[in-house]
Each structure stands twice: as structure tokens, then as C-alpha cells.
1. Rank-order B:101-109, A:387-395, B:130-138 by packing density, defined as the average count of other C-beta atoms within 10 Å over each peptide's residues, highest first.
2. With the Cα gyration tensor of the range A:109-242 giving a ≥ b ≥ c as the square roots of its eigenvalues, does the rule (a/c under 1.5 for rounded; else a/b larger than b/c for prolate; else oblate) give rounded, prolate or oblate?
3. Output the peptides A:367-375, A:245-253 sorted from most to least packed, where packing is the average of other Cβ atoms within 10 Å over each peptide's residues.
4. Is there a simple number for the mean count of other chain Cβ atoms within 10 Å of the Cβ of residues in A:192-205, and what is it?
5. Over all residues in A:221-233, what is the mean tally of Cβ atoms on other chains that come within 10 Å of each residue's Cβ?
6. At a Förster distance of 35 Å, what's the computed FRET efficiency of residue A:311 paired with residue A:220, Cβ-Cβ distance as r, to 0.05?
7. Give the average, rounded to an integer, of partner chain Cβ atoms located within 10 angstrom of each Cβ in A:238-246.
8. With +1 assigned to the C-beta of every Lys and Arg and -1 to the C-beta of every Asp and Glu, and no other charges, what is the dipole magnitude of the range B:86-133 about the Cα centre in debye, to the nearest 20?
Amino acid sequence: MLLYELEWGGGDDVVDFAARLLRPRAGADKCVVARNGSFAPSQHAGRLQNSGGLQSHAAALQTDSPAKMKDLTNTLAVHNRGLGRAPGKKQVTSAPPHGEPSDEQQPKWKLVCQEIGDTEKAFAGHLDTLLESFVPAISAVVTRPEDLRVLFGNVRQLREFSVVFQADLDAALESDDVAHAIAALYNSTAPFFRLYSTYCQTHGEAQELVVNMLANKSFRTVVDDCEKEAGQSLLSLLIMPIQRVPRHVLLLRTLRDALPNASHTLPQQLAQLLGGKVADPKAACEAAITKMQDVAATINESIRERENAVKIWEIQHNLVLDSGSGSGDSSATSPSILFETHRVFKMEGELLMVYGRKHKKKRKCFLFNDCLVVAKSSGLKRKKWQLVEKVAAQQVQDLVDDSALTLGTSNALLVGCGEDHTALVLIADSAETKAQWLAAFRQVVPQGPLRIARTPSPAASSGRKGHGGPLMQGLVAWGLAVCMCTAAWRFTAALLVCLCMVLKATASRTRTVFPALTDPGRAVDLSDDASTCRAEIDGRVVAPSAEQKLPASAS
Amino acid sequence: MASGTPPKVFHFKLVLLGDASVGKSCLVVRFAKGEFYEYQEPTIGAAFMTQTVSLSSEVVKYEIWDTAGQERYKSLAPMYYRGAAAAVIVFDITSRESFDAAKSWVAELQNTDTLIALAGNKSDLEASRAVEREMAKSYADQMGILYMETSAKSGQNVNELFHEIAVRLPKQSKEDDQSRGFAVGSQGGAASSTGCAGSC
């Protein structure tokens, strides 16, 4: 025997609707639709209470055996007892002690629905104040249309949207099935809340603009007058659309939590039987929350995108590309090296870049999702930075303080860059800063084993893309310079080092990429004279693999 | 709380910041309505709430802005504390993570004109405490900010917190306020308010 039974708390129209909905179902011998209290259970009927005042909490039970139905009804009875509900009685939530007498009979979820409507009205009222009082007055004193656009964004559009939304909300609040109607409204309207992103994107700039313009006397007077009249400050009014979308999410969450539990909390066998056939406001609410959260995330993302675009523009603007020193700034060819649609700014800060034991330079580093820009302070123009190099960070490694690569410094990290896996050693000013950089680098570098061939040297950086040759030339030149500069007693040592370097550079031509450097502690100690440590870092960074032996070693 | 002469009324904008579910909204409700609800009463949708604190010779009227629901959208938060006279940074004493987040908020607001107060909420959950009182207190002292442990549930220290903030708020920005004037801008917002949405 197949049986559908249903208990409704709604009006006649709802009962009719339920009957129409259920009758045509295949195999139903009987369809009973009863209102609250008037339901007389028949032999194999199960019933679900319209509990907690959910007016359209429709439940259809279907069973083919009396035993199964008995199980189900027992389960239901237990479930209802667990919730403290008497079967067949509409649950009355206990009213808050302070509540208005008229509210005492209202279940909490109804109050939440009411609040959704009330706060939307209040919100629209604030927008009206803004549009009717502030906008005309401010438009009279602010002449530049672009300023007005930044100040008020698409607030008029938001107001129009709110009018439509309020009308729909009122209709939903009037319906028999308030909770479900409201959840359904949010489900269908959610995409339109993206309108807020236009407003939210410029709000940060709008605030700055207001603060700046308040220095202007005529602007200030106008704003003061409006504020006195409105009883709200301009900045407060401007922020209201920002908080409105997250508020919708919170309201929906409160509503979901206040709604009585529906089928998904019933024992599983029941849920299976009911699966999909129950119009569950709680589930609809859940779906609406997800949608509204997505919208809020989209809005936030659009703000971030705009901030990113502004930030990249600022960095590009402050970056000087011409190199007075004549050192190899080969990457600085285009005047707009940063503008890429996919580029995302991650972090900036000052780090020491290690060129040698006694050769460390303060560098301003800008990390993006796809590259690292190293710049030095431009001597002439303050606040401007001169590009040193722009590399693609491929790997990052935390260098422990006693690692040979850190050259005795602490808070160092190693960054493998570019296709040829050269490495930079960067030193942060504190462990905390280092941790921040490491975290930022780890976000952007591809995951995988560390592969480093050699560290770049300033002299060789121009030719970093070609292997062997230019590097060797650079090293020889540097070695010679060192030889000429050092005292006589160091001459021999320096010469030896140079020779080693040449040998190594030759060797490195035959293997472009060295095996993983997993343990910096494995690196061999540096020789005393490390003034040419670019090359020596090379020697240490490159840990020989089992099958590949270094042809020469410095120590 | 009656005071002899008609008190001066000052308006201040106050903002609540902190991780999700540390109890920001509950604190506001406890303060604004004097009640705590295990399942919070509808107040969540309001743009802000208002409440007054009576001092000996003046009345401070707060306009309390809650950033609830926006914790994950961090880029939106600075827009709140800008123009706020005071910020209550709330963490949950049972969550170490929320304390770390509170610290980063303090760092962010430190260089603004905003008066900062740190509130370790949920002090009724002493058993599952994860942030030691002494540690939080010494941190607050070090940063030169107010620290109180509150319980929105029991009401412990909630009124005291807002009272203490009212006492500490700079008198300067209160002065021209009696005529419902505004100090928007760098002074922080001493905004007059007519309860509207908040008084629902």
C-alpha cells in the first residue's frame, strides 16, 4: 500500500495546493491532506507535524508495509518528543522576557523575517537621506564630475534596487509561508546584489576624498549643514551600503538557526523516504546563504582587484628604469614592466641582498604573484626606486642561521629565480619579517623540489640567460679586480680562488641544473677570503649529487 | 543615574572589530539592550546601535557600529574604524587564534587617533581558557591600551568597559559637540545620532 499523508497549517489555498501536488503521484492509493488538528491517522499512515509554525512544511510519507510505517511514526514521535513538541500542536517559542506583549506569541524566526524587512526599510531611508539631502547639496559645491562619481558611486542604482527588493520582501512577508518565501526571494535576487561591487570598489577612495575635501571651507559648511539636518555624518551614510550585503548574510544565518529543524535532522531512514519531496525553508535558507556569501566574496574580490590595480600602478609609477650606474639592468627595457592583467601584488619591503660576505646591499623588494622586482633607492629622487632586476621566483628556502649560505648573518632566505634557477640570498631585519616573506614567497612559487644552479652576480646578471660564457667572464673580471685591490699577502689566495671559479664555471656549462639542495647544512665551509663569495656561494649552493662530482673544489 | 545639573551630551562613534564568532554582536546587544540571549535576538541587521553612558557631569551617547559578518572581508574593515572615536577589539579568551587576530588589529589601528580597547570576551568560559589573563593584560599595557575581560553572557564588565571608554575619550573632541556639531575627519567622528535603525 502506498500512502501519502500530509498535515498543513496553512489556509485552504495551501491545502488545495498540497492535494493537487500529491494526488497525481504514481501508485498513491490515497492522499490525505489535513489541516492542523483535524488529521485522523489511518492504518498505514505516517504523519509529520507542521512543527514550529512552519506553514508550508510539507511532508509526504510513503511506505509499503504497516511495519515500516509503524517504525516511522515511532521515530517521528521520538523526534518530536526530543524537540519538546506535542504532536499536532503548533509550537510556541518562549518569548524573550523583555519582549513586547504582542511579540510574545511570535516565534523567533518570524521576528527575524520581520527584521529583514525593517532593516531594509531603514537602509533605504538612509540612502534617501544621502540622495535627497547630501547629493544635491554636495553637487552644488563639487564641480568635478569624477569626484562626484567617486563619492557617491552608483548609490542611486542601489536605491532603485532596494525599492524593488523591498516590494518583493513585503510580498514575501505577507505570504503564508514567510520563511520559505524570503529564502526563495534571496535565492532569486542574489545575483543582483553584485550591483554593490561598483559602489564598494570606490568607497575607500570616497572616504579619502571626503577627508581631503573637508579642508575646503565651502564643502565643509555644506556637509555640516546636511549632517545637522540628517543627524548622521556623511561618512556614516556612505558606509551603509558597504555593510548591507554582509548583513543580509547574517540575517539569513540567524533565520536559518531560528527555523525549526526539518527533515535533514530526522533519522536517516525518514530523510531517505522524504528525500527531495519536502519544501524545507531551512534548506532554502541555506542555499540563499551560500548565494549571498558568494556575492559578498565577489564584491570583496572586486575591491581587492581594484586595490591591486592601484598598487601596481603606484609601484610602476615610482620605479625608475634608466640605470645611471651602467650595470646590467637588461630587464629594464620597457617603461611599463609591471602592467599585466594577471599580476597580483603580494608584498613589499626592504631586504638586504647578499652579493658577498662584505657586500650586502639594501634593496626594496616587491613581490608579485609571478615575479620579484628588486630595486634600490634612487639617489636623486626621493621616494623613487631604481630597478635592479626583475626575476621570476621559482623556489624559496628558509636558510637556517648557521647555514654556510647565510655568510654568518641571520634571518636569511634563499630564492631560486628564473628558468636557469639562479639564486638570491636575501636577509630580513627580523625573524618575523623573514617569516612574512617566506609565507608570501610560498604562496607564489610553484611547489616542487628546489633546483638551483648558481647565484647570480651583479656583474653577470646581464648575461644570466646565457650559460657559462658571460658568467665566466664576469667572474674572471671580478677575480682580477679583487686581486688588484687586495694586499700582497692575499694575492695568492685570491688567484687560487679565481682559478677555482673558472674551473667551476666551465663545469657549470655542462650541467645547467644541479640536483636538489635539501640540506643547507651540507654546504661546505667557506674559505676565509670570501670577498668573491658570489662564486663561492656558487660552489656551496651547488651540492654535488651522488653521480656527479664537482670537478674542482675550493677547499 | 541622575546627575544634578543637566548633563552635556556627547556623541561618539564606536566600532567593534575582531575575528568571527568572538561575540562582538553579543557584546553590543548586552550593552545596548542590557540582555544576553543565548540565541541572539534580532539586532544583527541594524546598521548601528545606540546606547548612552552617564558620567558625573556628562552623558556620552555611543553609536556602535558592528562589523559582524565582514571578518573575512578584511579590506572592508578599515572603512569602519576610519572616523571612529573608539574601537573595541574583541577576542575570545578560549581561542588563541582570535587573540593573534586582535593583536594585528591593534597594530593596524595604533597609528590612528582612535582610542583602542581590547576586550577578552567569553570570560564565563574560564574552563576552556586559551589566552592567559596576565599575558593579554601585559600585552595591552605594553601597547598602552585598555584591557578588560568581559562576558556578554553574564554581563561581567560589559558596562564597565563602555563606561571606561567613555571616561577615556578625549574631552577635546567632545567640546563643540553640544550644539550637535560634528568632528568628522581627522578628529574622528563624534557623530550625533537619532537612533533610527539601531533602536529596533
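Readers should treat all values here as calculations from the given coordinates under stated rules, not as data from a laboratory. In this text, all values refer to a predicted model and were calculated from it rather than measured experimentally. Heads up, the Cβs are rebuilt from the backbone with ideal geometry, glycines too, and the neighbour counts pull from every protein chain shown.
1. Highest to lowest by the protection proxy: A:387-395, B:101-109, B:130-138.
2. It is prolate, given that a/c is not under 1.5 and a/b is the larger ratio.
3. Per-residue mean Cβ counts within 10 Å order the peptides as A:245-253, A:367-375.
4. 1
5. Averaged over the peptide's residues, the number is 4.
6. It comes to 0.70.
7. 5
8. For the range B:86-133, the charge dipole is close to 100 debye.
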